[in-house]
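Working notes for the structure below.
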Amino acid sequence: MTIVSLSFPEHMIEEMDAIQESMGFTGRSELVRAGIRLLLQDVKEKNALSGKISGVVVVTHDQEDEGTVTKIKHNFDDIIRTHLHNKVTKANCIELFLVEGDAKEVSSMAKAFEKEDAIRSVKLVTI
């Protein structure tokens, strides 16, 4: 097996250790491999989408990172049918985008959010 050296912020290490313990992973490497497998499967599913689709893109972020969301959102105005913003706590926000359009563009929107460090989580659910 190839060895890969990775660096993580301390807060991620703490969260990873908690998940490792609660889910019974034998080490961080096993946990990271499981996470990478999920990411690879998600990418395969998004890349396999074709034709015109409808879906929901759910994005969570800190309130201070609203500018990042706005910047990406404007790049996909042509497929966004509805956008809902909710401030869950004083600093935490959730964005719901109801989207409709070419599958590749919908997938590109989700990927654009996923690439940003400021974004906590992104989920694409196709309908």
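The values are calculated or read from the model by the stated rules, or taken from the named source; none is laboratory data. Being a predicted model, the structure only gives us computed values, none of them experimental. Quick reminder, even Gly has a Cβ in these numbers, built from the backbone with ideal geometry, and neighbours come from all protein chains shown.
If you check T89 against the conditions, is it touching a strand residue (DSSP E or B) at 6+ places or on another chain (Cβ under 8 Å) and of a type in the set (S, T, N, Q)? Spelling it out, it is not the case that T89 is touching a strand residue (DSSP E or B) at 6+ places or on another chain (Cβ under 8 Å) and of a type in the set (S, T, N, Q). Exactly one residue among V57, V43 is surrounded by 13 or more Cβ atoms within 10 Å (Cβ to Cβ), at pLDDT 95 or above and not acidic (D, E), and that residue is V57.
The single condition among (1) of a type in the set (S, T, N, Q); (2) over 20 Å from the mean Cα position of the chain (by Cα); (3) farther than 27 Å from I94 by Cα that S22 does not meet is (3). Considering the stretch 68-77, and only residues there that are of a type in the set (D, E, K, R) and loosely packed, with under 13 Cβ neighbours inside 10 Å, the residue that is nearest to L39 (Cα to Cα) turns out to be K71.
Screening S50 on (1) out of contact with any Ser or Thr (no Cβ under 8 Å at 6 or more places or on another chain); (2) surrounded by 14 or more Cβ atoms within 10 Å (Cβ to Cβ) shows it passes everything except condition (2). Among the residues making up the stretch 92-112, those that are among the polar types (S, T, N, Q) and farther than 14 Å from K52 by Cβ are N92, S108.
Scanning the stretch 91-106 for residues that are assigned to a helix (DSSP H, G or I) and either under 11 Å from R81 (Cβ atoms) or of a type in the set (V, I, T) (or both) gives a single hit, V106. Condition test on D77, is it over 18 Å from the mean Cα position of the chain (by Cα) and either without any contact (Cβ under 8 Å) to a residue 12 or more places away in the chain or at positive phi (or both)? The answer is yes for D77.
Of the residues making up the stretch 70-85, at least one is charged (D, E, K, R), farther than 30 Å from S5 by Cα and in a helix (DSSP H, G or I). For the stretch 7-35, a tally of residues being surrounded by 14 or more Cβ atoms within 10 Å (Cβ to Cβ) and outside any helix (DSSP H, G or I) returns 1. Scanning the stretch 78-127 for residues that are over 26 Å from L38 (Cβ atoms) and at pLDDT below 95 gives K87, T89, K90, A91.
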